[in-house]
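To keep things clear, I will list the structure first and then write my remarks on it.
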Amino acid sequence: MTKLCFILGDQLSESLSSLAAIDKHKDLIFLCEVTEEATYVAHHPKKIAFLFSAMRHFAQLLTGLGYRVRYTEYDDVDNAGCFEAELCRAIDEEKILEVHVTFPGEWRVLQKMERLKKELLIPLIIHEDTRFLCSIDEFNCWAKDKKQLRMEYFYRMMRQKHHLLTDTRGKPVGGTWNYDKQNRKNANHIKTFPGRLTHPIDEVTSAVLSLVEKNFSHHFGQLYPFNFAVTREQALCEANDFIEHCLVYFGDYQDAMRSNEANLYHSKLSFYLNAGLLLPLELCCIAEEAFKNKLAPLNAVEGFIRQILGWREYVRGIYWLMMPDYANKNYFNSSRPLPSLYWGQDTRMFCIKEVVRQTKTEAYSHHIQRLMITGNFALLAGLNPKDVCEWYLAVYADAFEWVELPNTLGMALYADGGVMASKPYAASGKYIQKMSNFCKSCTYDPRHIVGEHACPFNSLYWNFIDQHQDTLKINPRLHYAYLNWNKMDQEKKKNILDKAAQVLTALDAEQL
Ligand code: FAD
Ligand code: DLZ
Ligand code: SF4
């Protein structure tokens, strides 16, 4: 009996559960590049090129290992254009009697699998995605009796379970679970940052780049220069390079932002983790090893491990716990359409302009830029969560819905009403001034709330605090914000709210 193992574009791992279910010598592996996946949101051209090239290289690797691989390229004449039709074509042509897949990363794709399971005349078996360190069942079990699903407690449980940075009694190395307080320095004084690896463009990547240029150059984003790792070997080089050159300062400058410097000391490994070229546990282990070998301090290593073992696993748990209703949450009933400055329309707000510029050229920006610049602005300006989530899903090369949605809808927009975050990540221009050098290049002034040159974040911040006081003023973490707002006299409040209204009018008129 011939079985088929259907591998999706973000499942490029040799250890994939569905691969273990087939016979290398008898069965068939199937991958396909399809229009529907490339266009259900207008993905950044770099993201499409990265995934197609990584898929093609992975298929080559499997062939080299002795597997039989069927691969549909994007411009194959018979390409049926979507997962279902391509799978059915493969089943018919190859006389397949059983299909194996690994649990997909999106609700949308899971629905496709469930439908196929009913419609196909042969069994379709969905295997758990064992690359994650916390299974969906385990997360649901952890969440079941909790009033609040705070990441910190989930993370401690995961540290103990995986014996990472714990002593023999399961206590945290250094005496504290979380060293985030040490990780809030700005990087304005730093002269140079570590350079990054480059990878040669081989024939496979070159063909993919031409294909993407021909078919997707109308999508937002710059295809060239293209410098993504596209094989596991190259991704491992990226990981080792990060450990050697960046991890040491990863903690200290984790929240810092700089113009013309997208990377700082961040790992830029999310693309490879999310596509399956790297595995989360191996990264946590090499980081812990670096700490043991005194290559990096505890605040850096703990911070890095927390992002992967804590946040990454936690957001996946939240996604599968809360879907499908989660995608429709809109706690503040925000409805303003996404303004064109998110697509690169010129703006005088330097911070937004800079983050959007980096996003366009790199298909990447680091966490604080996503959260406190584009995310914070979307929250304060009351942008429609659906539009905002679609933007994040399209423009970042590491974006798959299981990770993008909770981060955007939950963490950045508080649209889930506090499932993920204990308070909205709303901040004024003061925060951005403290953590970046952006304001020095800006027409606006972060010190002013009203007046011609006042930073738009400032009045929008107080407008947000005022507008949502019915729901937010009982939040203890916003106590000081409301104390300060209520201390202001009526005239001052009115001037600020009038200024916020002017800012929003200018935003709608594309004149901000
Ligand atoms: P580093 O700062 O070097 O962190 C190391 C690793 O930790 C990352 O590679 C990533 O795998 C993991 N990590 C860190 N923070 C998070 C987090 N909050 N959630 C999940 N994993 C995390 N991350 C994605 O992988 N895909 C997304 O689509 C995505 N969308 C986001 C949208 C918004 C609005 C926000 C605020 C955050 C989003 N994140 C997303 C989380 C985070 O911004 C990225 O993981 C990180 O910027 C990737 O860059 P890096 O590899 O240099 O990360
Ligand atoms: C993102 C993406 C793109 C652009 N193209 C493909 C593709 O052609 N074939 C494929 O198997 N996967 C692709 N992907 C990734 C899928 O969208 C991803 O597997 C699902 O979103 C589930 O996470
Ligand atoms: Fe951004 Fe305001 Fe600073 Fe300008 S002044 S860069 S708009 S925070």
>> Of everything in segment 432-446, what is in contact with a helix residue (DSSP H, G or I) (Cβ under 8 Å, 6 or more places away or on another chain) and assigned to a loop (DSSP other than H, G, I, E, B)? Give them in sequence order.
In response: Cys442, Thr443, Tyr444, Pro446
> Given Lys47, Lys24, which one is farther than 21 Å from Met113 by Cα and at pLDDT below 95?
Replying inline: Lys24
> What are the residues in segment 425-446 that are more than 13 Å from Glu354 (Cα to Cα), within 16 Å of ligand 1 (Cβ to nearest atom) and of a type in the set (Ser, Thr, Tyr), if any?
Replying inline: Tyr425, Tyr431
> Within segment 24-35, is there a residue that is open to solvent by less than 30 Å² (accessible area, probe 1.4 Å), more than 16 Å from ligand 1 (Cβ to nearest atom) and farther than 22 Å from Tyr272 by Cα?
Replying inline: yes
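Yes/no matrix, rows are residues, columns are (1) among the acidic types (Asp, Glu); (2) within 30 Å of Trp343 (Cβ to Cβ):
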| residue | (1), (2) |
| --- | --- |
| Leu211 | no, yes |
| His218 | no, yes |
| Asp241 | yes, no |
| Tyr249 | no, no |
| Tyr253 | no, yes |
> Only one of (1) more than 16 Å from ligand 3 (Cβ to nearest atom); (2) over 17 Å from Arg312 (Cβ atoms); (3) open to solvent by 30 Å² or more (accessible area, probe 1.4 Å) fails for Ala415. Which number is that?
Replying inline: (3)
> Ala85 fails exactly one of the following numbered conditions: (1) in contact (Cβ under 8 Å) with a residue 24 or more places away in the chain; (2) loosely packed, with under 15 Cβ neighbours inside 10 Å; (3) of a type in the set (Gly, Ala, Ser). What is the number of that condition?
Replying inline: (1)
> Restricting attention to segment 164-206, and to residues there that are part of a helix (DSSP H, G or I) and either acidic (Asp, Glu) or without any contact (Cβ under 8 Å) to a residue 12 or more places away in the chain (or both), which single residue is farthest from Met435 (Cα to Cα)?
Replying inline: Glu203
> Just one of Leu31, Leu8 is in contact with a Gly (Cβ under 8 Å, 6 or more places away or on another chain), near ligand 2 (Cβ under 10 Å from one of its atoms) and within 30 Å of Trp343 (Cβ to Cβ); which is it?
Replying inline: Leu8
>> So for segment 67-76 (the condition being away from ligand 3 (no atom under 16 Å from the Cβ), open to solvent by 40 Å² or more (accessible area, probe 1.4 Å), of a type outside the set (Gly, Ala, Ser) and closer than 23 Å to Glu390 by Cα), does at least one residue qualify?
In response: no
> Are any of the residues in segment 79-88 within 28 Å of the chain's Cα centre (by Cα) and over 27 Å from Leu277 (Cα atoms)?
Replying inline: no
> Before we move on, is Phe83 within 10 Å of ligand 2 (Cβ to nearest atom) and closer than 27 Å to Ser210 by Cβ?
Replying inline: yes
> Only one of Leu97, Leu110, Leu120 is without any contact (Cβ under 8 Å) to a residue 40 or more places away in the chain, open to solvent by 10 Å² or more (accessible area, probe 1.4 Å) and away from ligand 2 (no atom under 16 Å from the Cβ); which?
Replying inline: Leu120
> Would you say Tyr461 is within 23 Å of Met349 (Cα to Cα), open to solvent by 50 Å² or more (accessible area, probe 1.4 Å), touching a residue at least 24 places away in the same chain (Cβ under 8 Å) and of a type in the set (Phe, Trp, Tyr)?
Replying inline: no
> For segment 465-496, which residues satisfy the criterion of being open to solvent by 50 Å² or more (accessible area, probe 1.4 Å), outside any loop (DSSP other than H, G, I, E, B) and of a type in the set (A, V, I, L, M)?
Replying inline: Leu483
> Which one of Lys268, Lys181, Lys191 is out of contact with any Leu (no Cβ under 8 Å at 6 or more places or on another chain), open to solvent by less than 50 Å² (accessible area, probe 1.4 Å) and within 24 Å of Gln369 (Cα to Cα)?
Replying inline: Lys268
>> Let me confirm something: among Cys389, Cys442, which residue is of a type outside the set (Ser, Thr, Tyr) and open to solvent by 30 Å² or more (accessible area, probe 1.4 Å)?
In response: Cys442
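The values are calculated or read from the model by the stated rules, or taken from the named source; none is laboratory data. This one's a predicted model, so the numbers in the text were calculated from it and none came from an experiment. Virtual Cβ from ideal backbone geometry, glycine too; neighbours counted across all protein chains shown. The protein model used for the area step is the full one, side chains on, heavy atoms only, and it has no ligands, DNA or RNA in it. Shrake-Rupley method; radii C 1.70, N 1.55, O 1.52, S 1.80 Å.
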